[in-house]
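See structure below.
The values are calculated or read from the model by the stated rules, or taken from the named source; none is laboratory data. None of these values were measured; they are calculated from a predicted model. Every residue, glycine as well, gets a Cβ built from its backbone with ideal geometry; the counts of neighbours run over all protein chains shown.
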């Protein structure tokens, strides 16, 4: 992969890849590191990305990059024995950086609290389930694409997705009705 091709990849899919890294890590600093490591790895092994007469298969490149990000994250996750918990203040600070719609202040606070509860519930899931949730809902990949990306059978993807959704439903119902 040339520098020019990498720049084109970043221009087309950089935001998607970064957002995915952020959802996976839950922290901007870690997302920055993962994003940078992912792009370095893509550049390093870019020759594996299939090319056509018109150039690289750009839609496949995004999925390929997400797969690299997942594997890099899994490797770093395994190395860490204990992760530091983020404080509520940090989470609220992150939300304040997101664009605000024209809702009333009370509705904005309620919406952000619910988003925080959902994100925290997702973070409590086992890594395998959390990864499938992010790939399916945030990266909007199909089960077939997730299967290829993670190199697991599609039945396993469906099973993990189902278990994750069931766990999230139970967790959020408990929170919602408290």
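General remarks:
- Region 150-162 - residue that is within 10 Å of residue 133 (Cα to Cα) and touching a residue at least 12 places away in the same chain (Cβ under 8 Å) and, of those, surrounded by the fewest Cβ atoms within 10 Å (Cβ to Cβ): 161
- Here 12, 24 are screened, and the one residue that is assigned to a helix (DSSP H, G or I) and closer than 21 Å to residue 74 by Cα is 24.
- Selected residue [at pLDDT below 80, within 29 Å of residue 45 (Cα to Cα) and touching a helix residue (DSSP H, G or I) at 6+ places or on another chain (Cβ under 8 Å)] from 77, 73, 64, 134: 77
- Residue match in region 145-165 (condition: in contact with a helix residue (DSSP H, G or I) (Cβ under 9 Å, 6 or more places away or on another chain) and within 15 Å of residue 120 (Cα to Cα)): yes
- Residue 18 being buried (at least 17 other Cβ atoms within 10 Å of the Cβ), over 23 Å from residue 151 (Cβ atoms) and either in contact with a strand residue (DSSP E or B) (Cβ under 8 Å, 6 or more places away or on another chain) or modelled with pLDDT of 90 or more (or both): yes
- The residue list 168, 172 contains one member that is in contact (Cβ under 8 Å) with a residue 24 or more places away in the chain, surrounded by 14 or more Cβ atoms within 10 Å (Cβ to Cβ), assigned to a helix (DSSP H, G or I) and within 18 Å of the chain's Cα centre (by Cα), which is 168.
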